[in-house]
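The values are calculated or read from the model by the stated rules, or taken from the named source; none is laboratory data. Keep in mind it's a predicted model, so treat the numbers as computed, not measured. Cβ: placed from backbone, ideal geometry, glycine included. Neighbour counts: every protein chain shown.
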Amino acid sequence: MEARRRANAEREARERAIVQSLKEFLDELDKLEHIEQSAAKDEEAALARAAEQIARIERELNERLERVRRSAQEKATTIRRAAGAAAKVLRTNGETIAGIAAQSGQTQARVRELLRLADSGQDEAGGQGEDATGAGSGADSAAPVGDPSPVSEEAAAVDPATEALSA
């Protein structure tokens, strides 16, 4: 009997140890699942923050690129108008469009285009409220010959005018 009691006690002790080990095992599995879920949530949150940052950076970059493009277009227009003003001074001094084109290495069409830009620039600077089609309609008409000062001021302010004609 004593042997049986000892065997039962040993068996119960083993079963308690197994139950305790199984409980610890299941507790550790629960902890692991919780940690994995927490890590997945943290990863999703980090990805969302990164996506927001990327979108913000791309938006800022696109805005900056647009400002750079606009600035480059404005500078190019200013230089074209200055070149047109310089060509206009040449015209005022008696040069022909063909002569200006030949001396500058430009086509006559390009010289005419620059002259039109100079005229439209003067229209805008003069404060006339015409739209783009109205301002360009009188571009082929004769310019006032007696007032070269605004043209020479504009040409002097932007030195690349002669460069633009010879480019």
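For the condition buried (at least 17 other Cβ atoms within 10 Å of the Cβ) and of a type in the set (S, T, N, Q), what is the one hit in S104, S38?
From the options S104, S38, the qualifying one is S104.
Give me the pairs: first residue in the range 78-103 and in contact (Cβ under 8 Å) with a residue 60 or more places away in the chain, second residue not in a helix (DSSP H, G or I), beta-carbon distance under 7 Å, and six or more apart or on different chains, which are they?
T78/V158; I79/V158; A82/V158; K88/A143; V89/P148
Need a quick list: helices (runs of 4 or more DSSP H) entirely within the range 53-167 having at least 1 residues that are at pLDDT 95 or above.
97-104, 108-125
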